[in-house]
Amino acid sequence: MPKQDILVENGTFNRNHAKVTEHRFIDDDFYDPQDLAQVKYEMLRTVRESERSVEETAGRFGFSRSGFYKTKSAFESEGLSAFVSNKTGPQDAWKLTKEYRRFIDGYLLENPGASSEEIATILKVERGLDISKRTVERYRSRKSGYSQKSR
């Protein structure tokens, strides 16, 4: 697997790698401007060990001054793990609370042939929950390995 794919997969691909103008990232193959963790670490180290200003150094590494301080703060509290992005966005069907999941499960027990679209419509009409049939499909798929895409 190419390194770029690995960086994307683990959340450390630097989408702004073209903004990195620090000489070592241009002149030395060891340094990779696409590796966000390496760029951040080297930025912090450079400010600590050189006499360059935060603003100048951050700019050479493709960051703003405030981006530097945010990175520094995260590193001080979390260490190197702060450089690995966590997935953003919802990790679960957040609209489908436990109450709505129980409703779907009960409805399916009483109506085993019900489509996901039918369930989404009933939830909207009876419960005021506006969700897509795809949300119901994903819930059903996770719950039982059964997909309702064809219905």
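Got a number for residues in the stretch 1-13 being in a loop (DSSP other than H, G, I, E, B) and either β-branched (V, I, T) or modelled with pLDDT of 95 or more (or both)? Spell out the reasoning first.
Of the residues in the stretch 1-13, the ones in a loop (DSSP other than H, G, I, E, B) are 1-2, 11-12.
If we keep only those that are either β-branched (V, I, T) or modelled with pLDDT of 95 or more (or both) too, we end up with 12.
The total comes to 1.
In the stretch 24-37, which residue that is touching a residue at least 12 places away in the same chain (Cβ under 8 Å) and assigned to a helix (DSSP H, G or I) is farthest from A82 (Cα to Cα)?
Of the stretch 24-37, the ones touching a residue at least 12 places away in the same chain (Cβ under 8 Å) are 24-25, 32-37.
Retained after the next criterion (residues that are assigned to a helix (DSSP H, G or I)): 24-25, 36-37.
Numbers: R24: 23, F25: 21, L36: 11, A37: 9 Å.
It comes out as R24.
For the stretch 3-49, enumerate the residues that are surrounded by fewer than 17 Cβ atoms within 10 Å (Cβ to Cβ), of a type in the set (V, I, T) and within 15 Å of F61 (Cβ to Cβ).
Across the stretch 3-49, the qualifying residues are T21, I26.
One line per residue, one yes/no per condition, for (1) modelled with pLDDT under 90; (2) within 30 Å of V20 (Cβ to Cβ); (3) among the basic types (K, R):
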site	(1), (2), (3)
K70	no, yes, yes
E78	no, yes, no
D92	yes, no, no
Y100	no, no, no
D105	no, no, no
E110	no, no, no
G113	no, no, no
R142	yes, no, yes
S150	yes, no, no
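Specify which of the listed residues (R45, R65) is free of Cβ contacts under 8 Å to residues at least 12 places away in the same chain, of a type in the set (K, R) and under 14 Å from F83 (Cβ atoms). Show your work before the answer.
Working: R65 fails: under 14 Å from F83 (Cβ atoms).
The unique qualifying residue is R45.
Just the residues that are under 19 Å from G67 (Cα atoms) and either among the hydroxyl-bearing types (S, T, Y) or not assigned by TED's automatic domain parsing to the domain that holds E76 (or both), please, taken from the stretch 6-49.
T12, T21, Y41, T46
The values are calculated or read from the model by the stated rules, or taken from the named source; none is laboratory data. Bear in mind the structure is a predicted one, so any value in this text is a computation, not a measurement. Using ideal geometry, Cβ is built from the backbone for each residue, glycine included, and neighbour counts are taken over all protein chains shown.
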